[in-house]
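Okay, so here's the structure we're looking at.
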Amino acid sequence: EMRARLRSLDNASRFVNTLVLSLAAESGITSDEGQGMRKSHSKVSLWLNLLSTFIFMINYYVVLPTSGAYCAALGATSSFSGVAVGILPAAACVSAVLYSFATQFSYRAPLVASGVLCAAGNVLYALALPLDSLGLLLAGRVLVGMGGARVVNRRYIADHVDLNYRTEASAAFVAFTALGMAVGPGLASLTSLVPAFEVLGLPVNPMTLPGYCMLCAWVPFTCAVLFLFEEPPIGTAGAAVAPGGGEMATPRGRKSAAGGWGGGDAAATAPLLDGAERGTAAGGRV
């Protein structure tokens, strides 16, 4: 019974593969070109995307242990820290729509904007204490939330990572997210061990130090995105990514080299068609 189910699943998989190649052939896309379309991501760019979500999750959770004391020092109740923490994901929901639209044209620009917003937000968060401004603290958290580019990270994995590695990349995204959630409070615990001091008249203590630490993380990250991130080919309607990384027009019904319309590459599809027929003969059905 189990062997019969496995054989049926294998036949179905062969049939779907054949169907995909047939549709590609109709559009004039050869099997080699299809391989090029799947392999368009850069490992450095992927790591920068994962690093983006890792740093953002640290930034989200690093204030949890000290936010109550920070709000109390600014004249609010310690329970007001719930607003300071919850306002970040609310702002991230708004920015997600903008980032999703921006990724139609570029991936580097949203990531750079994310780094700049998060860096500025952490500066405001750290300056709220010397300026005695609760509004500045909230503004800093809003800017950090607006800098949350997790929707960019997800879309990059979904659209520009090789099919063979997409599952691994998605698992790495989840792992980096969980790791950031764990490192954030841990970093806050370490900063609480640092004695208070001043730099250029600005207080550095367990309440403001998380902001300065995250500033030191976002600035190098933003510079790395500017100089190391490779912009993936942004597909447009009727265009596909060629193996060399450029674009090639693939309108439906393009005339094939053999002279027919939508004929595709018969030599490339024939082996898979034969494989599907052999699977059908072995299993008795598709």
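The values are calculated or read from the model by the stated rules, or taken from the named source; none is laboratory data. None of the values given here were measured: they were computed from a predicted structure. Every residue, glycine among them, receives a Cβ derived from its backbone with ideal geometry; neighbour counts consider all protein chains shown. Quick note on the areas: whole protein, heavy atoms, side chains included, nothing else; ligands and nucleic acids left out. Shrake-Rupley method; radii C 1.70, N 1.55, O 1.52, S 1.80 Å.
Using a probe of 1.4 Å, the accessible surface attributed to SER100 totals some 50 Å² when neighbouring protein chains are kept in position. Across every direction, the projection of the convex hull enclosing the Cα atoms of segment 71-212 has a mean area of 9.6 nm². When PHE105, PHE56 are compared by accessible area of protein heavy atoms, the largest-first order is PHE105, PHE56, using a 1.4 Å probe.
Sequentially through segment 125-137, phi angles give Karplus couplings (6.51, -1.76, 1.60; θ = phi - 60°) of 4, 6, 7, 4, 6, x, 8, 6, 10, 5, x, 5, 4 Hz, Gly and Pro residues having no value and appearing as x.
Here the calculated FRET efficiency for ALA12 and CYS223, from their Cβ-Cβ distance with R0 = 41 Å, stands at 0.25, rounded to the nearest 0.05.
Based on the Kirkwood approach, the hydrodynamic radius assigned to segment 188-237 is 13.6 Å, with every pair of different Cα atoms included. Net length available on complete extension from ILE234 to TRP47 is 65.4 nm, with 0.36 nm assigned per residue and the Cα-Cα distance removed.
About its Cα centre, segment 53-208 has a charge dipole of approximately 280 debye under the convention of +1 per Lys or Arg Cβ and -1 per Asp or Glu Cβ, with nothing else charged. In the assembled protein chains, ARG150 presents an accessible area of approximately 50 Å² (probe radius 1.4 Å). Each residue of segment 200-210 was assigned a 3J(HN,Hα) from its phi angle through the Karplus curve 6.51 cos²θ - 1.76 cosθ + 1.60 (θ = phi - 60°); the sequence is 6, x, 9, x, 10, 8, x, 7, 9, 4, x Hz, with glycine and proline shown as x.
Ranking THR167, THR53, THR77 from most to least accessible surface, computed with a 1.4 Å probe over the protein chains only, gives THR167, THR77, THR53. If I compute solvent accessible area with a 1.4 Å probe over the protein chains, what percent of it on segment 74-219 is carbon and sulfur? The C+S portion of the solvent-accessible surface of segment 74-219 is 74 percent. Please give the FRET efficiency for SER192 paired with LEU163, using the beta carbon to beta carbon distance and R0 = 41 Å, rounded to the nearest 0.05. After rounding, the FRET efficiency stands at 0.35.
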